[in-house]
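*Asks:* Dumping the structure here so I can ask a few things about it.
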Protein chains: 2
Amino acid sequence: MRAVTTTNTRVLFVKRPVGWVDESSFAVVHEPMPEPGPADVLVRTIYLSVDPYLRGRMAGAFREGEVMVSRGVAEVVSSGHERWKPGDLVWGFLGWEQYGVVRRGEGLYPVDAGLGLPISYSVDVLGMPGLTAWVGMDVLGRPAPAETVFVSSAAGAVGSIAGQLARLAGARVVGSAGSPAKVRHVVDELGFDDCIDYRAAPSLDAALEAACPAGIDVYFENVGGPMLEAVLGRMNPLGRIPVCGLISGYNATDDPGVRGFAHILGKRLTVTGFSIYDHMWRFEAWQPKMAELVRSGAVRYHEQFSDGVESGPSAFVGMLKGDSMGKHLLRVGDDPTR
Amino acid sequence: MRAVTTTNTRVLFVKRPVGWVDESSFAVVHEPMPEPGPADVLVRTIYLSVDPYLRGRMAGAFREGEVMVSRGVAEVVSSGHERWKPGDLVWGFLGWEQYGVVRRGEGLYPVDAGLGLPISYSVDVLGMPGLTAWVGMDVLGRPAPAETVFVSSAAGAVGSIAGQLARLAGARVVGSAGSPAKVRHVVDELGFDDCIDYRAAPSLDAALEAACPAGIDVYFENVGGPMLEAVLGRMNPLGRIPVCGLISGYNATDDPGVRGFAHILGKRLTVTGFSIYDHMWRFEAWQPKMAELVRSGAVRYHEQFSDGVESGPSAFVGMLKGDSMGKHLLRVGDDPTR
């Protein structure tokens, strides 16, 4: 347990964005330490996860004036709940704040230190992003050896895992990413067979044809927009498109439509939108398997940190614009395991 | 066996259409009787099926100058193949002609007179349209009791069966059709719970909201375009959209795109394009079950006939424009069972 300071830096969601979100949707405030009720758990935030899906919540579920919320890792400071005691490491939905009160400790899960991996992995490769990649690729995409798998946002938190899982299944794996450095990372570090720089390609159609000469059997969809249209034209018959995200449209105020929908019929494609909430029951059996893949080096993972909860707004806006490599996290407080 | 005449009226495909197909893509010719080779089967055409998918073949697979081809029912006139003898009733891909030569009898199947139903049913409710409806609804759509199922082209050859199968599964079934007479047919004859006249509705969104107050769980997609966009907005979470056809786009020269694709992610929808060719292995087990549903009256079926092979071009163009009710067939020659 660390010494408790007397102020609490927090990031509030203050303005629902229209179009591209910027930092004016957030306010950094310094408030007194929160006071937990008798059955509550007071936590000290260590890591917070910066995720694309938060943009959707800013359009709907989040209420203006309340603290931003995402998954994170924390240390229990004090607990009125028998399940937790001071010093326990937990993960779950946490406020973007140095200290937070979790009512009755609801929604907290233990960080399994026995896995022998960084505790931040609880909110990325061993947490929801990892499970999302696995459900999308192994459950819905079902790549077969020698098939071609294409992954957009291949340098991202989910896409980087999804592509490596496809490679482990024996598929040829091609990614797309938005800078030369990311392309190198995807090929050299993550072991993809090829990667397109979608920002540099004069034609996505031509780039896909060159990188996927045998067509595409599985498209792990993270972006939507022109990339989706180009991929539909390149899909093979009976291909599968698990739809994990459509980030290119998250900040859009109009919907230009997706051309090439007829390929879904003509090529007998299966397009499946999915949410990890429908698959939480898989978590317990899945996590130890994923941990083994990471420990053995079969799956590699890259984390990028911004320091301080107050760096959250700029990290989030930059992540949506493609500035992040791998998983973007806020390092809010000291990690007692490092 | 009927007397053999000396001329053979045929419909040739002569001009690949651009945009809306019209009768100038066809030519009616009168030619001498064909001469079968020693191993061939000479057939006399009785019924020919007029189907939307033929528009796609006119854009690609069909070659100009050759006879139009669709599924049909015929009587064997002479046979050099041991499997067939004169007088046998067969179905399969046949030319749009009074008499045709089937090389080595390949692709012919027996009409099962033992089913106790009209022989024309071999190319509609007991044939590919029926199997298509069953695969789309029962295999891919999987309606549960109390779910809402929406079927476009509900008065059509496939949609009319698909909706009745959903009703038999206990779902609430709503259709769409393009005239007051069709709407009455769908509700009064086919037993749908409700039906929208999509041509008369000032707003598809409002019409769907009124007809499907609990949302839509399964959309049996035949049309695409504005109807698909309206349905995407009305789908329930975890809904299924088997894509059987996209007829509204078959004659289009541009692709305006499908708006609302993000609903596939947001509502975790599964969209599955399918072709009956991937499911032919189901035919043998399925046909007797379907025949029983038809004989018992559980599934009702409507056929509309145009007389003479030369009526094919106008029947086909009219069918694509929505003029047909139920299954449109050409009655080319005498039916020996009637």
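The values are calculated or read from the model by the stated rules, or taken from the named source; none is laboratory data. As the structure is a computational prediction, the values presented were derived from the model and not from experiment. For neighbour counting, all protein chains shown are included, and Cβ atoms are generated from backbone atoms with ideal geometry for every residue, glycine included.
*Asks:* Just to be sure, is residue B:269 at pLDDT 95 or above, closer than 24 Å to residue A:140 by Cβ and facing chain A (nearest Cβ under 7 Å)?
*Replies:* Spelling it out, residue B:269 is indeed at pLDDT 95 or above, closer than 24 Å to residue A:140 by Cβ and facing chain A (nearest Cβ under 7 Å).
*Asks:* Now a separate question. Is there a residue being closer than 29 Å to residue A:212 by Cβ, within 14 Å of chain B (Cβ to nearest Cβ), over 19 Å from the mean Cα position of the chain (by Cα) and among the acidic types (Asp, Glu) anywhere in segment A:245-254?
*Replies:* Scanning segment A:245-254 turns up no residue that is closer than 29 Å to residue A:212 by Cβ, within 14 Å of chain B (Cβ to nearest Cβ), over 19 Å from the mean Cα position of the chain (by Cα) and among the acidic types (Asp, Glu).
*Asks:* Can you give me the number of residues within segment A:257-297 that are surrounded by 14 or more Cβ atoms within 10 Å (Cβ to Cβ) and farther than 30 Å from residue A:229 by Cβ?
*Replies:* The qualifying residues number 8.
*Asks:* Would you say residue B:149 is in the same structural domain as residue B:247 (by TED's automatic domain parsing), touching a residue at least 60 places away in the same chain (Cβ under 8 Å) and either of a type in the set (Val, Ile, Thr) or over 19 Å from residue B:52 (Cα atoms) (or both)?
*Replies:* It is true that residue B:149 is in the same structural domain as residue B:247 (by TED's automatic domain parsing), touching a residue at least 60 places away in the same chain (Cβ under 8 Å) and either of a type in the set (Val, Ile, Thr) or over 19 Å from residue B:52 (Cα atoms) (or both).
*Asks:* I'm checking my understanding of the structure. Among residues of segment A:292-311 that are over 17 Å from residue A:119 (Cβ atoms) and among the polar types (S, T, N, Q), which one is farthest from the chain's Cα centre (by Cα)?
*Replies:* So the residue we want is A:296.
*Asks:* Okay, moving on. Just give me the residues in segment A:3-23 being part of a loop (DSSP other than H, G, I, E, B) and touching a residue at least 40 places away in the same chain (Cβ under 8 Å), in sequence order.
*Replies:* Of everything in segment A:3-23, those that are part of a loop (DSSP other than H, G, I, E, B) and touching a residue at least 40 places away in the same chain (Cβ under 8 Å) turn out to be A:4, A:5, A:14, A:15, A:16, A:17, A:18, A:19, A:20, A:21, A:22.
*Asks:* Looking only at residues in segment B:272-297 that are within 14 Å of chain A (Cβ to nearest Cβ) and aliphatic (A, V, I, L, M), which one is nearest to residue B:132 (Cα to Cα)?
*Replies:* Among those residues, the one meeting the criterion is B:276.
*Asks:* Moving to a separate point now. Go through the residues of segment A:128-151 one by one and say whether even a single one is of a type outside the set (S, T, N, Q), modelled with pLDDT of 95 or more, over 27 Å from residue A:281 (Cβ atoms) and crowded, with 23+ Cβ neighbours inside 10 Å.
*Replies:* Yes, some residue in segment A:128-151 is of a type outside the set (S, T, N, Q), modelled with pLDDT of 95 or more, over 27 Å from residue A:281 (Cβ atoms) and crowded, with 23+ Cβ neighbours inside 10 Å.
*Asks:* May I ask you to verify whether residue A:300 is away from chain B (no Cβ under 14 Å), charged (D, E, K, R), more than 30 Å from residue A:27 (Cα to Cα) and part of a loop (DSSP other than H, G, I, E, B)?
*Replies:* yes
*Asks:* Let me ask something else. Out of segment A:93-116, which residues are crowded, with 19+ Cβ neighbours inside 10 Å and either under 25 Å from residue A:174 (Cα atoms) or free of Cβ contacts under 8 Å to residues at least 40 places away in the same chain (or both)?
*Replies:* Listed by number, the list holds a single entry, A:111.
*Asks:* In addition: Would you point out which residue out of B:216, B:119 is farther than 30 Å from residue B:336 by Cβ and in contact (Cβ under 8 Å) with a residue 60 or more places away in the chain?
*Replies:* Of B:216, B:119, the one residue that is farther than 30 Å from residue B:336 by Cβ and in contact (Cβ under 8 Å) with a residue 60 or more places away in the chain is B:216.
*Asks:* Of the numbered conditions (1) buried (at least 18 other Cβ atoms within 10 Å of the Cβ); (2) within 10 Å of chain B (Cβ to nearest Cβ); (3) closer than 30 Å to residue B:276 by Cα, residue A:238 satisfies every one except a single condition; which is it?
*Replies:* For residue A:238, the failing item is (1).
*Asks:* Quick one: which residue in A:60, A:80, A:37 is farther than 18 Å from residue A:128 by Cβ and within 14 Å of chain B (Cβ to nearest Cβ)?
*Replies:* A:60
*Asks:* While we're on this one: Taking residue B:75 and the conditions (1) within 29 Å of residue B:252 (Cα to Cα); (2) in contact with a Pro (Cβ under 8 Å, 6 or more places away or on another chain), which numbered condition does it fall short on, given that it satisfies the others?
*Replies:* The one condition residue B:75 does not meet is (1).
*Asks:* Ok, one more. Consider residue B:67 carefully, then state whether it is over 14 Å from residue B:333 (Cβ atoms) and in contact with a strand residue (DSSP E or B) (Cβ under 8 Å, 6 or more places away or on another chain).
*Replies:* So residue B:67 passes the test.
*Asks:* Quick one: residue A:304 ticks every box in (1) within 22 Å of residue A:74 (Cα to Cα); (2) modelled with pLDDT under 95 bar one, so which box is it?
*Replies:* Result: residue A:304 fails condition (2) only.
*Asks:* Further question on the same structure: Out of all the residues in segment B:152-171, which are among the hydrophobic types (A, V, I, L, M, F, W, C), surrounded by 22 or more Cβ atoms within 10 Å (Cβ to Cβ) and either on the phi > 0 side of the Ramachandran plot or assigned to a helix (DSSP H, G or I) (or both)?
*Replies:* B:161, B:162, B:165, B:166
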